[in-house]
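The values are calculated or read from the model by the stated rules, or taken from the named source; none is laboratory data. Keep in mind that this is a model prediction, so the values were computed, not measured. So basically every Cβ, Gly included, is an ideal-geometry build from the backbone, and we count neighbours across all protein chains shown. Protein only, heavy atoms only, side chains kept; ligands, DNA and RNA dropped before computing areas. Shrake-Rupley method; radii C 1.70, N 1.55, O 1.52, S 1.80 Å.
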Amino acid sequence: IVNIEKKRKDSNGFQATMGFDFNIKQSGSKILELKNNIDLQYNLNAHTFILLNDIQLLSVDNGSLINNGFQHFRYNYTIKDSSFVTLEAFGQYQYNEQKLLQQRILGAFGPRFRILNKEKVKWYTAPLAMYEYEDLNQDEIELFEADTARIRLDAYTNFFTSLNDLLSFNLVAYYQPDLGNFNDYRVSGETNLTINITKYLAYRVGFSADYDSDPPIPVQSTFWY
């Protein structure tokens, strides 16, 4: 599950952030690190376009410890511009070697609701219908179908509150059950508490976790950081 909510920007126009990191070290072991991030967004009144790319590779002596990435495109259309209803559609391609995921292709569509939009409290929620195709590493999985296609509910909520001038809190949570088998589901959450020390300095503490009720063996069900 990719947290798109923290990528959204409110201002109109075109905004872009791009980064590329490459490191190679030889200290008894050969360590190779590669990161590439692209974050593009264009807002024009009721229309919003978001394009994201994230690639991470960390290998030691030609064996990968981290090898994952995704590409994500999302379009939002806010009905009557000032309405609380936004129509949302997205497509995503993803891979993750540590989760034995060779590729995952997603496509989703549905409404996004603005429950609250006050100066100190903002709350959005959405129930999207999502098509999912997965292709797993056939050499590693045990007692699990190598490739599957299913329809999931992609339900998420984004809640932000500024408790006072010093403290603010943000919670983003996702719930993605298989509509044909509700015992197969994923849950993901990310929370942040920000403490404003001065006008130019703040301290942020956060926690993220995701849980898969039916991961391929031998992949663990819970990841957190």
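Among N164, N45, N53, which one shows the highest mean-square fluctuation when the chain is modelled as a Gaussian network with alpha-carbon springs under 10 Å?
Per the Cα network of the chain with a 10 Å cutoff, N164 tops the list.
With the cut-off at 1.5 for a/c, could you classify segment 23-153 from its C-alpha gyration tensor as rounded, prolate or oblate? Write down the numbers at each step before the final one.
Details: a/c = 3.07, a/b = 1.69, b/c = 1.82.
Since a/c reaches 1.5 but b/c is at least a/b, the shape of segment 23-153 is classed as oblate.
Sorted by accessible area with a 1.4 angstrom probe, largest first, how do F20, F70 fall? Write out the running numbers ahead of the final one.
Details: F20 135, F70 30 Å².
I get F20, F70, largest accessible area first.
With 28 Å as the limit, write out which pairs from K122/K199; K35/K199; K35/K80 have Cα-Cα distances beyond it, or answer none.
Long pairs (Cα-Cα over 28 Å): K35/K199; K35/K80.
I'd like to know how the chain sits against the 2.2 N^0.38 Å rule of thumb: what's its Cα Rg over that expected value?
That ratio works out to 1.12.
Given 0.36 nm per residue, what is the gain on full extension from V205 to L193 after removing their alpha carbon distance, in nm?
3.8 nm
Can you tell which of L167, L153, L100 shows the greatest fluctuation in a Gaussian network model of the chain with Cα springs below 10 Å?
L167
Quick one: if you stick a label point 7 Å off each Cα along the C-beta vector at A149 and I38, how many nm between them?
Here the modelled spin labels are 2.7 nm apart.
Would you work out what percent of the accessible area of segment 1-134, with all protein chains in place, is carbon or sulfur (probe 1.4 Å)? Numbers along the way, then the final one.
Numbers: 4430 of 7630 Å².
Of all accessible area on segment 1-134, carbon and sulfur atoms account for 58 percent.
Work out, in µm²/s and without decimals, the Stokes-Einstein translational diffusion coefficient of segment 43-108 at 4 °C, 1.567 mPa s, Rh from Kirkwood over C-alpha pairs.
Values: Rh = 14.0 Å.
After rounding, the answer is 93 µm²/s.
Rolling a 1.4 angstrom probe over the protein heavy atoms, how many square angstrom per residue are accessible across segment 57-153?
For segment 57-153, the solvent-accessible area averages 56 Å² per residue.
Tell me which aspartates and glutamates have Cα within less than 16 Å of K118's Cα, excluding those fewer than 8 residues away on the same chain?
Answer for K118, where 16 Å is the Cα cut-off: D10, D165, listed by chain and number.
Once you have the Cα-Cα distance between A16 and N181, take 0.36 nm times their residue separation minus that, and quote the gain in nm to one decimal. Display every interim value, and only then the final one.
On the way: separation 165, 0.36 × 165 = 59.40 nm, distance 3.95 nm.
Here the answer is 55.4 nm.
Which whole-Hz couplings ³J(HN,Hα) result when phi for each residue of segment 23-36 is put into the Karplus expression 6.51 cos²θ - 1.76 cosθ + 1.60, θ = phi - 60°, listed in order with x for Gly and Pro?
Running phi through 6.51 cos²θ - 1.76 cosθ + 1.60 with θ = phi - 60° gives 9, 9, 10, 10, 9, x, 10, 8, 10, 10, 10, 9, 9, 9 Hz.
When only alpha-carbon atoms count, how far does segment 103-212 stretch along each of its three principal axes, as whole angstroms with the largest first?
54, 31, 21
Treating cross-link reach as a plain straight distance, find the aspartates and glutamates whose alpha-carbon is under 20 Å from the alpha-carbon of K25, omitting any fewer than eight places away in the same chain.
Excluding near neighbours in sequence, the set is E33, D61.
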